[in-house]
Amino acid sequence: MTAGSSAAAIETEGLVKTYGDKRAVDGIDLVIPQGMVYGVLGPNGAGKTTFVKMLATLLRPDGGQARVFGRDVVREADEVRARVSLTGQYASLDEDLTGAENLVLLGRLLGHGKKAARERAAQMLQAFVLTEAADRQVKTYSGGMRRRLDIAASILNTPDLLFLDEPTTGLDPRSRNQVWEIVRAIVGQGTTVLLTTQYLDEADQLASRIAVIDSGKVIAEGTKGELKASVGAGSVHLRLRDAAQRPDAERVLELCLDGMPVQLDPDPFALTARVGAGADGSGAAELASRALAELARAHIAVDTFSLGQPSLDEVFLALTGDGAGSGRSVQEAMA
Amino acid sequence: MSTATKTEDRSDGPAGVSTESLTALLVAPAGKRPRAGAAAASTAFGWRAMLKIKHVPEQLFDVTAMPIMFVLMFTYLFGGALAGSTEEYIQFLLPGILVMSIIMTTMYTGISINVDIAKGVFDRFKTLPIWRPAPMVGYLLGDMLRYTVAAAVILTVGLILGFRPDGGPVGVLAGVALLLVFSFAFSWVWTMFGLLLRTEKTVMGVSMMVIFPLSFLSNVFVDPKTMPGWLQAFVNNSPVTHLCEAVRGLMAGGRPSADIAWTLGWAGLLLLVFGPVTMRLYARR
């Protein structure tokens, strides 16, 4: 490989995977640098998992190429496997075995002796606060515990590149925060992390660079700041006391928010508006509070009000000009 | 160290995961990483199979209760009619029923692989830098234990019912060993079906269609001389017949060299054909 390729953790050129006539991954070109958390953001069915599985040597690409640390994922799969680890969307654990047995098994498969594997497993269980559950079958674990054990299994031998496929989907906020802490500790030690997520919030919290993908294609790539600037600073979400006042509220908002689009939510009491383009977000708060004052003056009673980052839906709206088709199930990024 | 004394997930605080201890663990050891060799990886997967038996002991039902049922059923059903008495018949039948029970049990390998591979754990195994067939070989090593249990159960029941092998312990053990070697090779047929077929039920159905004719159309129950010519042609060339004849011979204290050679030849052929096919399917799955 060329000298330049050694600096990148992952390089893909025109990567394609098809299932029947559906192109799950449709020509992805990306260069992912080492030593950072790289976020791959997209709705369900965007092709994130397929993309990651090809890079982790689980799926064979139908077109294009992918190199991990300069090694081809098809021809040099074993060299790639020696340096990467995958925590899939569904826990890759043996449910019949206990937590400790799962880790000892992996330790032995990774070439540790019986004693060393046991020691390493015990240390991991302690670091991940699973010591108490060590001798229980994994099928009795909660979602958060499974996820922690799964990540522990992935870093049993510190990998150079860790794939985390939607690591917090389905977790409660506390478990999600724990996973975030773990990811920060991992990248802090020099491991490159490729993280897929459907939550803009999560990408924002963890990733240095983000690629947004939809229908198997990269539709935006850049730093967090660049991505956000392309979408606007944030959005206000309002719920009115009286649904009949919604058209009035819509007019007021359009006036005070300098003609930014106002969206009527499925809930007849609610509406959402994008606010300002100030990259730092300070302008957005001012605009939003002015809008609130105007609503009060127009005698429109507001039940709840929130100002937040744009949701993934809105990112897609801004990037593609139409809503993400499968974005319905995407949870609003945050309040 | 932080609060490691909590049992419920919800009870550990937001700072439950200790970042410092995690960071200490992540410092990669200097020098090259260890790698597991083919034997070490296969043994580790064999250990996994043992652990599964330990946690789900019900799965030993097919190698304990079933064979007992077989021995009792066929001894008393056919004994009087075929050999004049059950004591006479069991001398002939027991090695055969041993072969049949274990050959039938091999079928469950395909089913458990099919169930197992549908779960996420194989994704992890596949991303490990290990010898590719290790998970399959590990499975079969675990199964060897199950077959040994089955053989012990059948021989015990047989001895109680009056089975007196002239070959003594050495002959009996040699017979069992040959049976295990053949079973290991034959199991690759089932690993193939386990990977090829989509659901557990189809694996079961197809396996039954293969195993029933193969085990009944043999010399397990009766001497093939009474069968019509076309059937004799099949029965006399079936690997199960050769295996059964070899095991019977060994347990009776004889040296059935030809049948042993045929059995090992079949075992080698099955392994050479179905082993690579299994691995191709595994890589695609």
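All of the numbers you see were taken from the coordinates with simple rules; none came from a lab. Values in this document were obtained by computation on a predicted structure and should not be read as measured data. Here Cβ is always computed from backbone atoms with ideal geometry, including for glycine, and neighbour counts include all displayed protein chains.
Some observations on this one:
- Annotation: for a label point projected 7 angstrom from Cα along Cα→Cβ of B:Leu173, residues of region B:219-262 with backbone N closer than 17 Å are B:250-254.
- If you take the Cα centroid of region A:193-262 and the Cα centroid of region B:127-181, the two points sit 64 Å apart.
- Net +/- balance of residues flanking B:Ile53 in space, Cβ distance below 14 Å, scoring K and R +1, D and E -1: -3
- Sparse-neighbour loop sites [trypsin sites (Lys or Arg not before Pro); region A:72-114; at most 11 other C-beta within 10 Å; DSSP]: A:Arg75
- Pairs beyond 31 Å (Cα-Cα), from A:Lys48/A:Lys114; A:Lys228/B:Lys126; A:Lys114/B:Lys126; A:Lys48/A:Lys228: A:Lys48/A:Lys114; A:Lys228/B:Lys126
- Rg and Dmax, both from the Cα atoms of the protein assembly as shown and both in Å, are 31.5, 108.
- Gyration tensor (alpha-carbon) shape descriptor, region B:169-269, a/c threshold 1.5: oblate
- Here chain A carries DSSP beta bridges of which approximately 70% are antiparallel, counting only pairs with both residues inside.
- Sequence-distant contacts, meaning Cα pairs under 8 Å at least 6 residues apart, place the relative contact order of region B:221-285 at 22 percent.
- Put simply, the amide H of A:Phe163, placed in the peptide plane, has neighbours under 5 Å in A:Ser85, A:Leu86, A:Thr87, A:Leu194, leaving out anything fewer than 5 places away on its chain.
- Dividing the Cα radius of gyration of region A:3-228 by 2.2 N^0.38 Å, with N the residue count, gives 1.00.
- Pairs from the list A:Lys217/B:Lys119; A:Lys22/A:Lys139; A:Lys53/B:Lys119 with a Cα-Cα gap above 23 Å: A:Lys217/B:Lys119; A:Lys22/A:Lys139.
- Summing charges over neighbours of A:Gly20, with a neighbour being any other residue whose Cβ is under 15 Å away from its Cβ, gives 0 when K and R count +1 and D and E count -1.
- Separation in nanometres of the label points that stand 7 Å from Cα toward Cβ, at B:Leu217 and A:Glu294: 8.6 nm
- Distant-in-sequence amide contacts of A:Leu97, defined by a placed amide H-H separation under 5 Å and a gap of 5 or more residues or a different chain, comprise A:Val138.
- Sequence-separation-based contact order of chain A, relative, with Cα cut under 8 Å and 6+ spacing, percent: 18 percent
- 20 Å reach of a label modelled at A:Trp180, 7 Å along Cα-to-Cβ, counting backbone N of region A:27-68: A:36-43
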